[in-house]
1. Considering only region 160-193, state which residues are within 15 Å of ligand 1 (Cβ to nearest atom) and assigned to a helix (DSSP H, G or I).
2. So which residues in region 71-120 are in a helix (DSSP H, G or I), more than 15 Å from ligand 1 (Cβ to nearest atom) and either among the aromatic types (F, W, Y) or within 14 Å of I153 (Cβ to Cβ) (or both)?
3. Can you tell me which residues in region 48-59 are crowded, with 24+ Cβ neighbours inside 10 Å and either under 14 Å from R296 (Cβ atoms) or within 12 Å of ligand 1 (Cβ to nearest atom) (or both)?
4. Of all residues in region 169-184, which are in contact with an Asp or Glu (Cβ under 9 Å, 6 or more places away or on another chain) and surrounded by fewer than 16 Cβ atoms within 10 Å (Cβ to Cβ)?
5. So which helices (runs of 4 or more DSSP H) are wholly in region 213-307 and hold at least 1 residues that are more than 16 Å from ligand 2 (Cβ to nearest atom) and touching a residue at least 60 places away in the same chain (Cβ under 8 Å)?
6. Do you know which residues across region 142-156 are surrounded by fewer than 23 Cβ atoms within 10 Å (Cβ to Cβ) and either under 16 Å from the mean Cα position of the chain (by Cα) or not charged (D, E, K, R) (or both)?
7. Please verify whether G35 is of a type outside the set (S, T, Y), in contact with a strand residue (DSSP E or B) (Cβ under 9 Å, 6 or more places away or on another chain) and not assigned by TED's automatic domain parsing to the domain that holds S131, treating the condition exactly as stated.
8. Residues that are farther than 19 Å from C128 by Cβ, modelled with pLDDT of 95 or more and charged (D, E, K, R): which helices (runs of 4 or more DSSP H) entirely in region 1-55 hold 3 or more of them?
Amino acid sequence: WRVHAPYIAAINDLKKEKNAVILAHNYMTPEIFYGVGDFAGDSLQLAKEAAKSDADVIVQAGVHFMAETSKILAPEKTVLIPDLRAGCSLASSITGEDVRLMKQKYPGVPVVTYVNTTADVKAETDICCTSSNAVEVVEHAAQEFGTDTVILIPDQFLAKNVAAMTDIKIVTWAGACEVHERFTAEDIREIREGNPGVVVLAHPECPPEVLEEADFAGSTSGMSNYVKENQPKNVVLITECSMSDNVALENPKVNFVRPCNLCPHMKRIDLPGILRSLQTMEHKVEIDPEIIEKARKPIERMIALPL
Ligand code: 13P
Ligand code: SF4
């Protein structure tokens, strides 16, 4: 923390000067998450904070699609992403044109889009979802459109995991999260063998056979809440590495077993980059106003659901 302290102090001073807030995803390293983050959470919580923030500037400590979501919900604000290379394998797997073609193939079928997508894709969407509300959103969309089928894109694994929890038929896309698709059922069995009694929590972007081996599946905040509420003696979070670091700091009595995968995109964001971003006001997220208008509706529909 000693190396981080000067950055943390300089960033927090600049935040006051520029009336800026930092929205930090659960996958940020602890010095960002605890040192400079004003709001921390999963994708849904960060989107809600962006919508209600009264700051002039939002710095997204997360990946590009999250910064786009903030800009869509708060177009009058300056939204900064400290590193333009902070992408996402799910967001880059599909384009707005791909969605238009799917809609032609399945006329009348509602399109539910995971928030891990670009603004162009959201603009073609009926309602968005996150990993914490996907089942409820899919069931809501089927009811509202009067269909027994829903398009849920672009994560094939999230789609399969949701399909296992509902009677609605699901059409999906071949996207995957490069962090979660690497976990296997064999990994979980080995972790259990080496750590008897360990509680296994997994993210719904993991393949279905991984979730079948887990004790609980939930969004990043879902996993964090599970640990807080249940205080397991031994736990493993089958997700991005920084999650365990952040949750461990708040749960000193819990032992964390640590196999995890790093997200190279999330790790593009660091304290020097956040400081530079506030000093230079770069990189501003700009989206065509027409796309903002179209992309806002499915996000707002999701936020308005009583979940
Ligand atoms: P949540 O924080 O919504 O669980 O999403 C995880 C993720 O992979 C975001 O990049
Ligand atoms: Fe995308 Fe996966 Fe990284 Fe999240 S963890 S930003 S879903 S690649």
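1. Looking only at region 160-193, we keep the residues that are within 15 Å of ligand 1 (Cβ to nearest atom), and these are 161-162, 175-183.
If the condition is that a residue be within 15 Å of ligand 1 (Cβ to nearest atom) and assigned to a helix (DSSP H, G or I), then N161, V162 are the ones that fit.
2. As a first pass, look at region 71-120 and keep what is in a helix (DSSP H, G or I): 71-73, 91-93, 96-105, 119-120.
Filter once more, so that each one left must be more than 15 Å from ligand 1 (Cβ to nearest atom): 71-73, 96-105, 119-120.
Within region 71-120, G96, E97, D98, V99, R100, L101, M102, K103, K105, D120 qualify.
3. Here is the first cut: in region 48-59, the residues crowded, with 24+ Cβ neighbours inside 10 Å are 50, 58-59.
The one that is crowded, with 24+ Cβ neighbours inside 10 Å and either under 14 Å from R296 (Cβ atoms) or within 12 Å of ligand 1 (Cβ to nearest atom) (or both): A50.
4. First, pick out the residues of region 169-184 that are in contact with an Asp or Glu (Cβ under 9 Å, 6 or more places away or on another chain): 169, 172-173, 175-177, 179-181, 184.
Hits for region 169-184 are K169, T184.
5. Working: elements: 220-230, 241-250, 271-280, 289-304.
Hits in region 213-307: 241-250, 271-280, 289-304.
6. Narrowing region 142-156 to residues surrounded by fewer than 23 Cβ atoms within 10 Å (Cβ to Cβ): 142-149, 156.
Selection gives A142, Q143, F145, G146, T147, T149, Q156.
7. On the way: of a type outside the set (S, T, Y): yes; in contact with a strand residue (DSSP E or B) (Cβ under 9 Å, 6 or more places away or on another chain): no; not assigned by TED's automatic domain parsing to the domain that holds S131: yes.
Judged against the criteria, G35 is not a match.
8. Values: elements: 5-18, 30-33, 43-52.
Correct list: 5-18.
The values are calculated or read from the model by the stated rules, or taken from the named source; none is laboratory data. Just so you know, these numbers come straight off a predicted model, no measurement behind them. Using ideal geometry, Cβ is built from the backbone for each residue, glycine included, and neighbour counts are taken over all protein chains shown.
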